[in-house]
1. Just to be sure I understand the curve: with the Debye formula and one point per C-alpha of the range 173-314, what is log10 I(q)/I(0) at q = 0.13, 0.18, 0.19 Å⁻¹?
2. Specify the residue with the greatest mean-square fluctuation among 278, 230, 130, computed from a Gaussian network of the chain linking alpha-carbon atoms under 10 Å apart.
3. Rounded to two decimal places and with Rh computed the Kirkwood way over Cα pairs, what is Rg over Rh for the chain?
4. Between the range 262-278 and the range 53-104, what's the alpha-carbon centroid distance in Å?
5. Can you give the FRET efficiency for residue 292 and residue 320, using 1/(1 + (r/R0)^6), R0 = 25 Å, r = Cβ-Cβ distance, to the nearest 0.05?
6. Once the Cβ-Cβ distance between residue 138 and residue 174 is put in as r, and R0 is 25 Å, what FRET efficiency do you end up with, to the nearest 0.05?
7. Using 0.36 nm per residue, how much length does the chain from residue 375 to residue 328 gain when fully extended, once their Cα-Cα distance is taken away?
8. Run the quick spin-label model on residue 189 and residue 39: label points 7 Å from Cα toward the beta carbon, then report their separation in nm to one decimal.
């Protein structure tokens, strides 16, 4: 999460610690000068002078670490938080800020330990649970995230983002109805946040409420500067309602806003296929593969489209690539077998159908294809 440096916030945080430790007078004056200036470089300098004058001044290390964090000097911030904790291991905010710094340094597992320590020392801070939940979410520990957000909401029941974050975790747990209820509450407490409508749009899509999803994406788009993913998701919802031309318009807008996103070309290509505009579909799949050449599914979809254009050799080349990337997909061998069958390569088709059947023995279509080619071969 983004942390904003605030003198007022830092001042309120250090008042208790001043009562616990009395620095020497000169160090205290330098510290106060640092607190009084709005220039972060000057803050770092003043806090550094305070530390030179009293190297046991934990709050000065903490304050300088806070300023280093704001300058994105995360390793230096971590060193100062470590020192502050070594001097005063009983201050929750030291662990909390160190946890945020570890997140920036991609030490997420270690950050959880510090968030937990901060909570142990001050279990009434809703923000501590929220930040730990956020990082549990990043670690895909969604149940733990929900538990922390439950506690954060108990402590701060009108904080919109807590509901939204919990809704996101519940979506990952496939608790779609409950997730939507959380997004409803998030929007109730903050109706002006575009991303909240975007998240609720997801849940409405999950529940098959495509019109409601579109309405949410409309609101997200209206409340924010153009964001590619809003148009993309609205395009998916429109496609689900078979509003294919409208979906193409949204996918095209998403591509214009974010032209390096392979998924956007893939979905527009898929929609062009449904519209029977096969050349356009091939063009979009080709662009998607230029951006992500390791995506087996896109090769598969392009191969199917080549078949519609009677370009069987091209289709087989794509299926060769798809199979090399995903060699355990029964449907990929089945598709290549179909293409070989149309080229009268019945032995090759039989080998592919046999492989497909071995990988997907419950697929009736594959069994029918295998029987058909055997009959063709007189077997």
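1. Calculated log10 I(q)/I(0) at the listed q: -0.61, -0.99, -1.05.
2. 278
3. On the way: Rg = 28.8 Å, Rh = 25.0 Å.
My calculation puts Rg/Rh at 1.15.
4. If we compute the Cα centre of each part, the gap is 51 Å.
5. FRET efficiency, residue 292 to residue 320: 0.90.
6. Working: r = 19 Å, r/R0 = 0.75.
That pair, residue 138 with residue 174, gives E of 0.85.
7. Between residue 375 and residue 328, full extension yields an extra 14.3 nm.
8. 4.0
Bear in mind these aren't lab numbers, they're just calculated from the coordinates by the rules spelled out. Note that the structure is predicted; figures quoted are calculated from it, not measured. FYI the Cβ positions are ideal-geometry reconstructions off the backbone, even for glycines, and counts take in every protein chain you see.
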